[in-house]
1. Share of Cα-Cα pairs in the range 1-150 beyond 27 Å, in percent?
2. By how many nm would the segment from residue 80 to residue 140 lengthen if fully extended, with 0.36 nm per residue of separation less the alpha-carbon distance?
3. Once you place label points 7 Å from the Cα toward the Cβ at residue 99 and residue 148, how far apart are they in nm?
4. So what J values fall out for the range 161-169 if you push phi through Karplus, 6.51 cos²θ - 1.76 cosθ + 1.60 with θ = phi - 60°, rounded to Hz, Gly and Pro as x?
5. When the accessible area of the chain is split by element with a 1.4 Å probe, what percent falls to carbon and sulfur?
6. Per-residue ellipticity at 222 nm for the chain, helices alone: DSSP H runs ≥ 4 residues times -39500 (n - 2.57), over residue total, nearest 500 deg cm²/dmol?
7. For the pair residue 23 and residue 117, what calculated FRET efficiency results from E = 1/(1 + (r/R0)^6), where r is the Cβ-Cβ distance and R0 = 35 Å, to the nearest 0.05?
8. Could you state the accessible area per residue of the range 1-156 in Å², with a 1.4 Å probe and every protein chain left in place?
Amino acid sequence: MLLRPLEGIDEAEFTRVHVVSADAFRPWFPAAEGTPGVGSAFSRALERSRAGWETGRDARFVGILDDARIAGFFNLNEIVRGVFQNAYAGWAVSADVTSRGYGTEGVRGLLDVAFTASPSGLGLHRVEAAIIPTNLASLRVAQKAGFRHEGLARRYLKIAGRWQDHERFALTAEEHRRS
Ligand SMILES: CC(C)(COP(=O)(O)OP(=O)(O)OC[C@H]1O[C@@H](n2cnc3c(N)ncnc32)[C@H](O)[C@@H]1OP(=O)(O)O)[C@@H](O)C(=O)NCCC(=O)NCCS
C-alpha cells in the first residue's frame, strides 16, 4: 500500500469508499467525517488536506492499493511544533478491505513519517491516538502499531451525537525507535 496525499483524481474512489463504509465509519467518527461521501464532501476533504500540507498543521494520507483502489485514510492532525512536536493520529480502512492488515500497515507507515527526521519525515516527538473503548478492531491496530496506553479520558469527543469516553494512547520518537 502506498501512502500519499489526497489528489483531485481520487474523487470517484473517495466517494466509493465512503459509500461502502458509511455504516462502518458512522459509530466512530464525528458526523462531518462519517457522512457518506458526495462531491462536496470530497471537495472539503481535498481542501482540508491541501491546507494542512501547506500550513504544516495536518499531514493527511490515503492508502492506495496496487489496483489503484483506496484502502484507507491515515492522518496526522493538529500538528503542534515548539516544545510539543505532537500530532493526533486518525485512521480508517475501507469496509471492503478490512481485516487484511491494511490498518496496521497504514498506521505503522504514518508513524514512520511522523518520527523520521525532517526533511524526509516530519520530525515529531509524540503521536497520540484516542479510541472509543468498544472499537476493538481499532484498539488492536493501536496495539499492533506499538502505541502505549495512557488512560481513559471521560467524555472526550462528541461522536455519533454524544460525548464519549476514549482510551488515550501515545508513542514517542524514542519508543518508536526502540520498537
Ligand atoms: C479499525 C480499522 C481501521 C481496522 O482496519 P483493518 O485494516 O481491519 O486493521 P488490521 O487488519 O490491520 O487489524 C485489525 C485487527 O483487529 C481485529 N479485529 C477486527 N474486528 C475485531 C473485533 N470485532 N473484535 C476484536 N478484534 C477485531 C482483527 O482480527 C485484527 O487483529 P489480528 O491481526 O490480531 O487478527 C477498520 O476496521 C476501520 O476503519 N473501522 C472503522 C473506522 C474506525 O473505527 N477508525 C478508527 C477510529 S479510532
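1. Details: 1892 of 11175 pairs.
In whole percent, the share of Cα-Cα pairs in the range 1-150 beyond 27 Å is 17.
2. Going from the current span to full extension adds 18.9 nm.
3. 3.3
4. Karplus-based 3J(HN,Hα) across the range 161-169 equals x, 9, 5, 10, 4, 9, 7, 9, 10 Hz.
5. 55
6. -10500 deg cm²/dmol
7. 0.30
8. Numbers: 7950 Å² over 156 residues.
Normalised by residue count, the accessible surface of the range 1-156 is 51 Å².
The values are calculated or read from the model by the stated rules, or taken from the named source; none is laboratory data. From a predicted model like this one, the values you see are computed outputs, not experimental measurements. With ideal geometry, Cβ positions are generated from the backbone for all residues, glycine too; neighbour counts draw on all protein chains shown. Keep in mind that these areas ignore ligands, DNA and RNA; they rest on the heavy atoms of the full protein, side chains included. Shrake-Rupley method; radii C 1.70, N 1.55, O 1.52, S 1.80 Å.
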